[in-house]
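Working notes, structure below.
Just so you know, all these numbers are worked out from the coordinates, no wet-lab data involved. Here the structure is a predicted model, which means the values were calculated and not measured. Methodologically, a virtual Cβ is constructed for each residue, glycine included, from the backbone with ideal geometry; neighbour enumeration extends over all protein chains shown.
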Amino acid sequence: MGILIAALLLAATDAPPVTGFYRSNQMEVGAALELDPDGRFMYQLDYGAVSEAAEGTWSSDGTMVYLTATRMEGAYKTHNFSREPLKIDGDRLLLGRYDTVIRFEREDLPAPADKK
């Protein structure tokens, strides 16, 4: 039993962190998402005639990321983020929004000069 618990704990610590900067490279979609280590997020989507932006807090259970907006602008005929789920798919986050799935790909940004 102890070996099973140790294996589960080790697997949980091997999970990649979800914090960082993500963007979508899909045709006709401009989208970006930043998940900060302090639990805050910023989001922007331009899709067809829709432009929306949000900021707020995020949480994760290891398989999903949940966004809760404290400010959201431009949501077109849809709900604001209240524990909005994004599926974790390797280095991607998947968000079902409007009539499509937005695929956010993790970007490896260079560290600022003062943090090297």
Sequence-distant residues sharing a close amide H with Ile102 (under 5 Å, placed H): Leu95, Gly96, Arg97
Burial ordering of Phe81, Phe21, fewest other beta-carbon atoms within 10 Å first: Phe21, Phe81
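I need Ile102, Ile88 ordered by Cβ neighbour count within 10 Å, fewest first.
So the ranking, lowest neighbour count to highest, is Ile88, Ile102.
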Three-way shape call for region 18-108 based on the alpha-carbon gyration tensor, with the a/c threshold at 1.5: oblate
Extension gain from Asp91 to Val50, taking 0.36 nm per residue of separation minus the Cα-Cα distance: 12.2 nm
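Using a Förster distance of 25 angstrom, determine the FRET efficiency expected from the C-beta separation of Asp108 and His79, and round it to 0.05.
0.20
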Distance (nanometres) between label positions extended 7 Å along Cα→Cβ at Asn25 and Tyr66: 3.2 nm
